[in-house]
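*Asks:* Before I ask anything, here is the structure I am working with.
Derivation of every value follows stated rules applied to the coordinates shown; laboratory data play no part. Everything numeric here is computed off the predicted structure, so don't read it as measured data. Heads up, the Cβs are rebuilt from the backbone with ideal geometry, glycines too, and the neighbour counts pull from every protein chain shown.
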Amino acid sequence: VEFENILLDQHGRLGVLTLNRPGALNALNTETFREIAEALDLVMENATIEALIVTGQGDKAFAAGADISELAQLDSAFAARDLSLAGQDVFQTLSTLPIPTVAVINGYALGGGLELALAADVRVAHPRAKLGLPEVTLGLIPGYGGTQRLPRLIGVGRALDLMLSGRQVDAQEALGMGLVNYVEEAPLEFAREYLSRLLDRGGPMAFGLIKEAVRRGMDTSLSDALEIEADMFGMVLATQDAKEGTRAFLEKRKANFKGE
Ligand code: HXC
């Protein structure tokens, strides 16, 4: 499939979705969102893609946010609400993929760009990356999940600091607050090796169920969440992967997972 604003490549077991509007610092316009949604559908249908990397073209930006020229044209509360819901929906699709996902933050991740990175499982940043939710400086608020995913990831106090000030943090500060997991000079290569290792070691069914247990658990009370965990544990135990993984350990050999 040919896209205009993104690239979708496959390297062995890894899918790589690259935002490709470097002239606009990969700002996310409506068409780009539509293409990301289509690419995520393709990833879901393609059983040979076992993990996904999301990154930005060029060495300057991951994504500098929603396309401000589109935001400036919004002329009603309904249109703005719909834009927010539509973007949230695409990022929720990313976050609910049953495969491991890594955001490779190769430069600016601002506003909607950071919100995209927040929908991935793990974040790897280049040392020169700058992250933030500057919406407040436009008189706006985050609208693609930032007010909700950021406090869940780094805590309410840190999230409010970033959103109320609109300030940018560098990769090191982001690492310190748990906003990114790793800071690497070659973040894309790191992410590819990281995911390859992870796919070599872990059971595919377990990846999906870990993500589902964490995501659903964050939405509810601890006691309900523990029940969700037990449900997921029951489901994983019924998989061939679990039989193979435990048997391989006892037989002192490497597990050969089939993802079923
Ligand atoms: C549209 C953008 C853009 C954006 C950059 N560009 N960010 N276009 N939307 N979000 C364009 C610039 O207009 C410029 O185009 C080109 O990309 C290069 O950007 P410069 O500003 O010239 O680069 P630089 O001076 O190096 O500054 C980099 C920057 C700055 C600090 C990242 O571009 C910036 O502050 N961008 C906006 C960041 C932001 O506020 N994001 C939040 C958006 S709101 P030309 O044609 O002049 O070369 C948001 C809300 C989400 O995300 C929720 C919605 C529901």
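*Asks:* As an exercise, find the ratio Rg/Rh for segment 84-142 from alpha-carbon atoms, using the Kirkwood inverse-distance average for Rh. Walk me through the intermediate numbers first.
*Replies:* Values: Rg = 12.1 Å, Rh = 12.1 Å.
Dividing the radius of gyration by the Kirkwood radius yields 1.00.
*Asks:* What does the charge add up to near L74, with Lys and Arg as +1, Asp and Glu as -1, over the other residues with Cβ less than 12 Å from its Cβ? Walk me through the numbers before you get to the answer.
*Replies:* Working: positive: R81; negative: D67, E70, D75, D82.
Net charge around L74: -3.
*Asks:* Round to a whole angstrom and tell me the spacing of the C-alpha centers of segment 194-260 and segment 1-48.
*Replies:* 28 Å
*Asks:* Sticking with this one: Which three semi-axes in whole Å describe the equivalent ellipsoid of segment 98-173, each the square root of 5 times a Cα gyration tensor eigenvalue, listed largest first?
*Replies:* Numbers: eigenvalues 69, 42, 25 Å².
Largest first, segment 98-173 gives 19, 14, 11 Å.
*Asks:* Which stretch or stretches of segment 70-95 have amide N atoms under 19 Å from the point lying 7 Å from E31's Cα along the Cα→Cβ direction?
*Replies:* 70-74, 83, 87
*Asks:* Using 1/(1 + (r/R0)^6) with R0 = 41 angstrom and r between the beta carbons of Q92 and L250, what's the FRET efficiency to the nearest 0.05? Working shown, then result.
*Replies:* Details: r = 39 Å, r/R0 = 0.96.
Calculated transfer efficiency: 0.55.
*Asks:* I would also like to ask the following. Any chance you could run the full-extension gain for R197 through T147? It's 0.36 nm times the residue separation minus the Cα-Cα distance, nm to one decimal.
*Replies:* Numbers: separation 50, 0.36 × 50 = 18.00 nm, distance 3.27 nm.
Separation in residues times 0.36 nm, less the Cα-Cα distance, equals 14.7 nm.
*Asks:* Related question: On alpha carbon coordinates alone, what is the Rg over Rh value for the chain, Rh being the Kirkwood radius? Don't skip to the end; give the middle numbers.
*Replies:* Details: Rg = 18.8 Å, Rh = 19.1 Å.
Value, to two decimals: 0.98.
*Asks:* So which residue, out of R216, R123, R158, gets the largest mean-square fluctuation from a GNM of the chain using Cα contacts under 10 Å as springs?
*Replies:* Ranking R216, R123, R158 by mean-square fluctuation puts R216 first.
*Asks:* While we're looking at this one, here's another question. Can you give me the distance in nm between label points at R128 and H11, each placed 7 Å from the Cα along the Cα-to-Cβ direction?
*Replies:* 2.0 nm
*Asks:* Step through the residues of segment 44-53 one at a time and calculate ³J(HN,Hα) from phi using the Karplus curve (6.51 cos²θ - 1.76 cosθ + 1.60, θ = phi - 60°), rounding each to whole Hz and writing x for Gly and Pro.
*Replies:* 5, 6, 9, 5, 7, 8, 9, 7, 10, 10
*Asks:* While we're here: Among A159, A72, A186, which one shows the biggest mean-square fluctuation in a GNM of the chain, springs joining Cα atoms closer than 10 Å?
*Replies:* Looking only at A159, A72, A186, the largest GNM fluctuation is found for A72.
*Asks:* Which angle between 0 and 90 degrees, to the nearest 10, do you get for helix 156-165 versus the longest principal axis of the chain when only C-alpha atoms count?
*Replies:* On a 0 to 90 degree scale, this one is about 30.
*Asks:* Mind running the shape call on segment 1-144? Use the C-alpha gyration tensor, a ≥ b ≥ c as the square roots of the eigenvalues: rounded below 1.5 for a/c, prolate if a/b tops b/c, oblate otherwise.
*Replies:* Numbers: a/c = 1.78, a/b = 1.39, b/c = 1.28.
Verdict is prolate for segment 1-144.
*Asks:* Okay, moving on. Can you work out the FRET efficiency for the pair T137 and S84, with r the C-beta to C-beta distance and R0 = 22 Å, to the nearest 0.05?
*Replies:* Working: r = 18 Å, r/R0 = 0.83.
Computed FRET efficiency for T137 and S84: 0.75.
*Asks:* Using only the alpha carbons of segment 202-250, determine the length spanned along each of the three principal axes and report them from longest to shortest in whole angstroms.
*Replies:* Principal extents (largest minus smallest coordinate, Cα): 36, 15, 14 Å.
*Asks:* Sticking with this structure for a sec: Could you compute the net charge surrounding D224? Neighbours are other residues with a C-beta less than 12 Å from the C-beta of D224; K and R count +1, D and E count -1. Walk me through the numbers before you get to the answer.
*Replies:* On the way: positive: R216; negative: D219, E227, E229, D231.
Result for the local shell: -3.
*Asks:* Compare L28, L175, L17 in a GNM of the chain, Cα atoms joined below 10 Å, and give the one with the largest fluctuation.
*Replies:* So, out of L28, L175, L17, the one fluctuating most is L175.
*Asks:* Measuring from centroid to centroid over Cα atoms, what is the spacing of segment 55-130 and segment 133-187 in Å?
*Replies:* The distance from the Cα centre of segment 55-130 to that of segment 133-187 comes to 12 Å.
*Asks:* For K130, go through the lysines and keep the ones whose alpha-carbon is under 21 Å away, minus same-chain ones fewer than eight residues off.
*Replies:* K60
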